[in-house]
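Here is the structure we will look at, set down as structure tokens.
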Amino acid sequence: MGKAGRPRNQTARRQALVSAAGQAIAERGLEGLRIKDIADAAGVSQGSVLYYYPELDDLVLEVHRGAVEGYLASRQQAYDQAPADSPVARLRALLDSGLPDATDDPVHGLLYELHRRAGRSPGHAELMTSLFAREVALYTTALEVGAATGAFTLTGSAHDQAHGLVALEDGYGLHIVSHNAALHPDRARELILAHARTVTGCADL
């Protein structure tokens with residue numbers, strides 16, 4: 001018999017460890033990450049962590065994968081929940097979902113922390129590349145629909161404009177979570193909205 005409340009299957013146990021590792025990374029950063037912190041957060045022994053993930057890097061990669069998928073799902077949901085007959089509302093929903101709400105935003109903070117591994121790990125680089133491409137695809141769809149319905153008059157291709165919007169989000173987001181006092185989240189949103197109005201020709205954004 002296992003301890004009360006513990007997951008009874010390996011998939012659930014692994015998911016619990018991934019969640020605990022994400023919490024530990026968000027609190028301590030990658031450099032300060034220890035097996036003990038993960039075990040404490042998950043309520044298991046250090047041996048249990050090593051049983052499921054003998055290599056800490058493999059666990060960190062799973063945290064990154066989960067963070068990417070969760071973030072993308074939240075953005076897709078924001079888009080899908082906006083009125084389907086309003087390209088303006090749907091683009092605005094995407095824009096609103098792409099920036100940290102505060103300097104201590106846990107989702108963006110975790111993603112930026114994990115993205116730092118991309119330069120040294122092909123697996124992390126692949127996840128970062130995938131995230132960017134899929135965000136661009138979301139924006140491309142939103143812009144193409146708006147252009148097709150006459151709501152937007154694009155100043156360039158939808159794909160190129162989507163690249164620009166995602167890059168702006170990434171840049172502003174990094175400054176926000178890095179505690180840049182010169183760039184408040186509200187100001188970053190204003191600047192991205194201003195850019196979006198320019199590239200779509202839509203003053204209603």
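Nothing in this text is a laboratory measurement; each read-out follows from the coordinates by a stated rule. All of these numbers come straight from a predicted model, not from anything done at the bench. Here the Cβ positions follow ideal geometry from the backbone for every residue, glycine too, while neighbour counts run over all protein chains shown.
Modelled this way, with points 7 Å down the Cα-to-C-beta line, the labels at Thr141 and Asp101 are 2.4 nm from one another. Paramagnetic label reach from Ala194 (point 7 Å along Cα→Cβ; backbone nitrogen cut-off under 17 Å): within region 136-169, residues 165, 168-169.
Farthest toward the positive end of the dipole of the chain, out of Gly29, Val136, Leu193, is the Cα of Gly29, where the dipole comes from beta carbon charges about the Cα centre.
Using a Gaussian network model of the chain in which every pair of alpha carbons under 10 angstrom is joined by a spring, one finds that among Ser157, Ser19, Ser97 the greatest mean-square fluctuation is at Ser157. Taking every full run of DSSP H in the chain, the ones that stretch at least 20 Å from end to end by Cα along their long axis and average 0.0 or higher on the Kyte-Doolittle scale are 122-148, 158-177. Here region 8-35 and region 113-156 have alpha carbon centers that stand 27 Å from each other. Around the Cα centre of region 1-141, unit charges on the Cβ atoms of Lys, Arg, Asp and Glu (plus for the first two, minus for the last two) sum to a dipole of about 460 debye. Dividing the summed -39500 (n - 2.57) terms of all DSSP H runs of n ≥ 4 by the residue count of the chain sets its mean residue ellipticity at 222 nm at -23000 deg cm²/dmol. Summary: within the chain, the longest segment free of GluC sites (Glu not before Pro) located in DSSP loops with at most 13 other C-beta atoms within 10 Å is 56-205.
If you stretched the chain out fully between Asn180 and Asp160, how much longer would it get, using 0.36 nm times the residue separation minus the C-alpha to C-alpha distance? Contour length minus the Cα-Cα distance gives 4.4 nm.
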